1. In square nanometres, what is one fourth of the surface area of the convex hull spanned by the alpha carbons of the stretch A:177-253?
2. Take every residue in peptide A:320-331, count the Cβ atoms of other chains within 10 Å of its Cβ, and give the average of those counts.
3. Which whole number gives the average count of other chain Cβ atoms within 10 Å of the Cβ atoms across peptide A:243-252?
4. Just for the stretch B:121-189, what percent of DSSP beta bridges are antiparallel, to the closest 5?
5. Averaged across the residues of A:93-102, what count of C-beta atoms belonging to other chains lies within 10 Å of each residue's C-beta?
6. With the convex hull built on the Cα atoms of the stretch B:126-218, state its orientation-averaged projected area in nm².
7. Could you put A:159, A:74 in order, starting from the residue whose Cβ has the fewest other Cβ atoms within 10 Å?
8. Suppose we keep just the alpha-carbon trace of the stretch A:41-143; what are its Rg and Dmax in angstrom?
Amino acid sequence: MDSYQKLMILGEAAKYDVCASTSTPTTKKFTSGSIGLGNTTPCGVCHSFTPDGRCISLLKVLLTNICQKDCGYCPNRSARDIERTSFSPEELAKVFMEFYVRNYVEGLFLSSGVKCNTSVTMDDLIKTIEILRYKHKFNGYIHLKILPGASEPQIEAACKLANRVSLNCETPDDKYMKSLSQTKDFNKDILMPISTIKKFIHRYNVSQSTQFIVGAAGETDFDIINRVSDLYGSYGVKRSYFSAFSPIKNTPLEAVAQTPLKRENRLYQSDFLLRLYGFKVEQLPFENGLLPKDIDPKLAFALKNLHLYPVEINKAPMRELLTVPGIGPVSAKRILKLRKEFNITSPDMLKNLGVVLKRSLTFLAFRGKVFGNLDSLAKPKPEVVQLSWDFVEGGND
Amino acid sequence: MYIFDDRVNSILKAGFLYAHTREFPVYEGETNSSLFTGMPTHVNTIAWEDILKLDLGFKNKKQELGRREVLSIIFFNLRHKDNSKYSLLVEGIKELTTMNSQTWLTGATDVSRKILNRKSDVGREIHKMVGYVRFVPFEDNFLVGTAPLEHNTADLILIRFRKRYPSHKLGLVIGKDICVLDNENNIFIEDATPYINLIEKDTFKDVWKEYYSRQYIEQRKNIKYVQRSIPKKYWNWLDEGSIIAEEANKKY
């Protein structure tokens, strides 16, 4: 099997991992002067988008899809009969450089199945990146998956070499983890390494993210968001990704229903409210642990807390403006700038500032005057038709 | 009547004079088609100190407009394809002389919003091309790609690539010409014929298309979303565009 054939198998095996971001404030240089290749940018660059709308910015690939683990949701689980293959570190580094030089990707996203044991595979992952950094003199973006149960020296080596490291939580806690995998201990294999990564974040200028599978273990949105908030606050995690569970044939979870993409979408919206809008978990509008299906969490919060509105656009502080549906951090900043010079007296003055007037007007007062219609906001939008997950999975079957 | 040219200094002067005289200056490229028949004065012949004397606030205002943020907006607007950019900029500078630049930069007026949008159009093209241009290695560390550009951005795109490729010579084929950024950071244009063949014959695109197809999760198909990021105008140019088009045409 040649390197490209391996890439197709191991690239496809990594497609469920979410890794959209390549933005990072400073380039980690492993070479001096103009020697070397590659850089990172603060805004990130997308190199393509697949027909499902996901951005391709990184060469997403596994080092091997041979795996000792039995995770019930995973297409690469040990008991599954699929074509298995592995890259050698040198081989993968070479293939990646061809993609990078030709500008097909912004960097590498490297993960792996657990081939013999965690330690050996983790060493191979680190070796691959060492080859890229020191032999190919690559200064670009590398996102490295830390395998569950990796040792502290391995985590330190990974943090030193990568721009981002991540360890997938998959579930909010051990109770749910046990229903997905008998070989993973949530506290020992997931939380402990995540907390070890935190020690190296500033020392090596690396960021940390994680990923959840939504709906595979029967967890609620509250369980997930609560864990996410804890990870942001106590573990130095910068970003969480969510992947709606899709059943895969010949896995123990093949009969579990697919998770609607809408649920994934609501979790992302809530995550943004936590990270960028200053919301707290307890402010989010959960009903029986789930986020509302029909309206987004910010609008649901506003409708649930009508006593807080309307906010006076000429006086409200940033944090209050950010609770208004249709106003984001950028438009809120613009409002603050504009009102330093002018009294904002009518919605017309907001039309060029990026404010979504249709959503925000009901919740804003312009020197005491309110425009907008509450009824139209509460009306649920027609449900987006989602295709069935009952497809033959990938090319493996 | 004043005329001005496409240099930033000239546009700034024209804007200040317009604010003071209320007479709209004419872009020198448009003087032939204008109804103006008298002897125009080129703003470049008027010293800044004379312009700044016209109004008490002009001195501070000029310093305010000399900041990087405003200059970069003017610079990017000058790369925009629309020929009305010169008069729009003069209009914008006139507005800036009467209001706080920070307020103006929020896009609060129609003119400022239009100017900021045009800056975004140009910036977006550069940013998209930095992602979508595919290079083919040519002899001796020379990387060559193509780009379907709407605005005058080829050199800016190559400069953006410099950090990624610190020791490569880079070329961007635009029509029959190639814009080259050499190792000494000189930019020049030459005939693109030899490179066009090279790009057409490159087979790596097949590897990419196969990898790209394997990354697609069919159950999550969302063509509308893709189209927002990769507009249809790029589908014929990008290697993977045919796959997107095929998926878009599939009916379930």
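1. Values: hull surface 22.8 nm².
The Cα convex hull of the stretch A:177-253, projected and averaged over all directions, gives 5.7 nm².
2. Mean inter-chain Cβ contacts per residue within 10 Å come to 0.
3. Per-residue shielding by partner chains comes out at 1.
4. The antiparallel proportion sits near 70 percent.
5. Mean shielding by partner chains, rounded to a whole number: 3.
6. On the way: hull surface 27.5 nm².
That works out to 6.9 nm², a quarter of the Cα hull's surface.
7. Result, fewest neighbours first: A:74, A:159.
8. 14.7, 42
Every number here is computed from the coordinates shown, using simple stated rules; none is lab data. Keep in mind it's a predicted model, so treat the numbers as computed, not measured. In this analysis, Cβ positions are derived from the backbone assuming ideal geometry, glycine residues included, and neighbour counts consider all displayed protein chains.
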